[in-house]
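The values are calculated or read from the model by the stated rules, or taken from the named source; none is laboratory data. These figures come from a predicted structure and were not determined experimentally. Cβ placement follows ideal geometry from the backbone for every residue including glycine, while neighbour counts extend to all protein chains displayed. Side chains are part of the model used for accessible areas, which takes the heavy atoms of the whole protein and leaves out ligands, DNA and RNA. Shrake-Rupley method; radii C 1.70, N 1.55, O 1.52, S 1.80 Å.
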Amino acid sequence: MESLRQLFKIGHGPSSSHTMGPMKAAQTFVELCKGNAASFEVVLYGSLAATGRGHLTDRAILNVLEPVAPARIIWEPDTFLPFHPNGMTFRALDADKRLLLEHTWYSVGGGDIVLDGEDRRVAKKEVYAMHTVEDILKWCAATGKSYWEYVDECEGSEIWDYLHRVWEVMKAAVQRGIEAEGVLPGGLGVRRKAVSYYVHAAGYAQSLKSRGLVYAYALAVSEENAAGGEIVTAPTCGSCGVLPAVLYHLYTSKGFSEKRILRALATAGLFGNIVKTNASVSGAEVGCQGEVGVACAMAAAAASQLFGGTPAQIEYSAEMGLEHHLGLTCDPVCGLVQIPCIERNAYAAARALDSNLYAAFSDGQHSVSFDRIVEVMKQTGHDLPSIYKETSRGGLAAIQ
């Protein structure tokens, strides 16, 4: 598995696969061209083309290419390349429109890109020797250590400075989001709700206040993402509100130290990394179960870590967070990361806390392992028709 730096990416929304990935591909292509292009053509395929306008895919690419040379985008929503639904071909042309260079990339989720013909596994720099929770659980039992200590052993002490930066960006997104008001860009007329939930939460008794604050924090980060603000992929832009909401709520309400928050963040990242390695976190590939479902699992693991869960209880908590999102479709209305994405983040944050509580009442023993759920999620995602995988042609997107 790769470093957590490749999972927790700091950047701007609204979409890791449709905004951050294409921008990275454009930047890479410009470097390869070495200033020789007189113009550019970019062909977007499948899901990238179907919902690219709503996700600002074209803007992300053109903002990189046009300062170098004129560029045009070609949209091919009905063409799906074999490797991944998020395909894009970049062409550099000379003054006579002759082809100088052509590359096809795939935006595979979480801001990552893969060059056509490149083995996904070969392209990765392995940091973690173990790729399953089963193996890591055995390591925990043999050493008496926990998940965050495995992260420390594999990544080295430098990872804590990076996770501190991640935590600072997460906190800032929550704090900006609960102060911001107005309508989100995109044309759907969706008003920011985080400030309203935050204010209303104060009027309830403690248990309901707690839940209202979790909603508010998740809405805050998700709305910041929808507005193009700075966020952290956890594991994606579309699901970036879940983990920060849970961590920020427990940090402010329970008084957990920042050191413990960072350890919980490491634990969350380890579980997200396992899914990213063995399945996918791309909504275009496996639906929203790979985004919000995985985010819920990560947040559940983090909460369980903070509350002193055993390695088995932490695994159980994460398993429930993912299992009960199986089959969740990616059906953004008008291709925007707003409806139903923002509400899903708030709901999943609450589910993550429930998963932790449920696991805390148990001894951590259960029937279906986290690794098995990851396998099922991958297969379920492949079985979903393409209209339910970030094309805005099915589900909620079809009712508009």
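Can you spot a residue in the stretch 85-106 that is outside any loop (DSSP other than H, G, I, E, B), touching a Gly at 6+ places or on another chain (Cβ under 8 Å), polar (S, T, N, Q) and without any contact (Cβ under 8 Å) to a residue 40 or more places away in the chain? Spell out how you get there, then give the answer.
Step one: filter the stretch 85-106 for residues outside any loop (DSSP other than H, G, I, E, B), giving 87-93, 99-106.
Now narrow it down to the ones that are touching a Gly at 6+ places or on another chain (Cβ under 8 Å): 87, 104-106.
Next cut, polar (S, T, N, Q) only: 104.
This time we only want the ones that are without any contact (Cβ under 8 Å) to a residue 40 or more places away in the chain, so: 104.
Within the stretch 85-106 (the criterion being outside any loop (DSSP other than H, G, I, E, B), touching a Gly at 6+ places or on another chain (Cβ under 8 Å), polar (S, T, N, Q) and without any contact (Cβ under 8 Å) to a residue 40 or more places away in the chain), the answer is yes, since at least one residue qualifies.
Residues that are within 11 Å of the chain's Cα centre (by Cα) and under 18 Å from TYR106 (Cβ atoms) within the stretch 8-19 comprise LYS9, SER15, SER16, SER17, listed in sequence order.
Considering each of TYR217, TYR204 in turn, give the residue that is over 16 Å from the mean Cα position of the chain (by Cα) and touching a residue at least 40 places away in the same chain (Cβ under 8 Å). Step through it out loud before you land on a result.
Working: TYR204 fails: touching a residue at least 40 places away in the same chain (Cβ under 8 Å).
Just one listed residue meets the conditions, TYR217.
In the condition set (1) under 19 Å from THR104 (Cβ atoms); (2) open to solvent by less than 30 Å² (accessible area, probe 1.4 Å); (3) modelled with pLDDT of 95 or more, SER3 is compliant with all but (1).
Among helices (runs of 4 or more DSSP H) lying entirely in the stretch 152-240, which contain 2 or more residues that are open to solvent by 10 Å² or more (accessible area, probe 1.4 Å) and either touching a Pro at 6+ places or on another chain (Cβ under 7 Å) or closer than 18 Å to ALA299 by Cα (or both)?
Values: elements: 158-177, 194-201, 206-226.
Of the helices (runs of 4 or more DSSP H) lying wholly inside the stretch 152-240, those with at least 2 residues that are open to solvent by 10 Å² or more (accessible area, probe 1.4 Å) and either touching a Pro at 6+ places or on another chain (Cβ under 7 Å) or closer than 18 Å to ALA299 by Cα (or both) span 158-177, 206-226.
Go through (1) of a type outside the set (Phe, Trp, Tyr); (2) open to solvent by 80 Å² or more (accessible area, probe 1.4 Å); (3) in contact with a Leu (Cβ under 9 Å, 6 or more places away or on another chain) one by one and return the number of the condition GLY110 breaks. Every condition holds for GLY110 apart from (2).
Contact map, the stretch 226-252: residues that are on the phi > 0 side of the Ramachandran plot paired with residues that are part of a helix (DSSP H, G or I), Cβ distance under 9 Å, separation 6+ or inter-chain. Pairs shown: GLY228/THR19.
Taking the stretch 367-400 as the range and being assigned to a loop (DSSP other than H, G, I, E, B) and surrounded by fewer than 16 Cβ atoms within 10 Å (Cβ to Cβ) as the test, the residues that pass are SER367, VAL368, PRO385, GLN400. Taking the conditions (1) open to solvent by 10 Å² or more (accessible area, probe 1.4 Å); (2) in contact (Cβ under 8 Å) with a residue 40 or more places away in the chain; (3) part of a helix (DSSP H, G or I) in turn, LYS259 satisfies each one other than (2). Of all residues in the stretch 47-63, those being surrounded by fewer than 24 Cβ atoms within 10 Å (Cβ to Cβ) and under 20 Å from TYR388 (Cα atoms) number 2. For PHE29, the conditions (1) at pLDDT 95 or above; (2) crowded, with 21+ Cβ neighbours inside 10 Å; (3) under 23 Å from the mean Cα position of the chain (by Cα); (4) in a helix (DSSP H, G or I) all hold with the exception of (3).
Number of residues in the stretch 314-343 that are surrounded by fewer than 24 Cβ atoms within 10 Å (Cβ to Cβ) and of a type in the set (S, T, N, Q): the value is 1.
Look through GLU118, GLU126, GLU134 and report the one residue that is more than 23 Å from the chain's Cα centre (by Cα) and not aromatic (Phe, Trp, Tyr). Step through it out loud before you land on a result.
Working: GLU118 fails: more than 23 Å from the chain's Cα centre (by Cα); GLU126 fails: more than 23 Å from the chain's Cα centre (by Cα).
Result: GLU134 is the single residue among GLU118, GLU126, GLU134 that is more than 23 Å from the chain's Cα centre (by Cα) and not aromatic (Phe, Trp, Tyr).
Quick check on my filter: what residues within the stretch 69-84 are small (Gly, Ala, Ser) and not in a strand (DSSP E or B)? ALA69, the sole residue that qualifies. Among the residues of the stretch 241-256, just one is modelled with pLDDT of 95 or more, surrounded by fewer than 24 Cβ atoms within 10 Å (Cβ to Cβ) and of a type in the set (Gly, Ala, Ser), namely SER253.
Taking the stretch 110-151 on its own, how many of its residues are part of a helix (DSSP H, G or I) and hydroxyl-bearing (Ser, Thr, Tyr)?
Quick first cut of the stretch 110-151, residues part of a helix (DSSP H, G or I) only: 120-123, 133-143, 147-151.
From what's left, hydroxyl-bearing (Ser, Thr, Tyr): 143, 147, 150.
Within the stretch 110-151, residues that are part of a helix (DSSP H, G or I) and hydroxyl-bearing (Ser, Thr, Tyr) number 3.
Here ALA303, ALA279 are screened, and the one residue that is open to solvent by less than 30 Å² (accessible area, probe 1.4 Å) and over 15 Å from the mean Cα position of the chain (by Cα) is ALA303. Taken over the stretch 77-102, the criterion of being over 30 Å from ILE274 (Cβ atoms) and open to solvent by less than 70 Å² (accessible area, probe 1.4 Å) is satisfied by PRO77, THR79, THR89, PHE90, ARG91, ALA92, LEU93, ASP94, LEU101. Against the conditions (1) closer than 16 Å to TYR215 by Cβ; (2) free of Cβ contacts under 8 Å to residues at least 24 places away in the same chain, ALA352 satisfies every one except (2).
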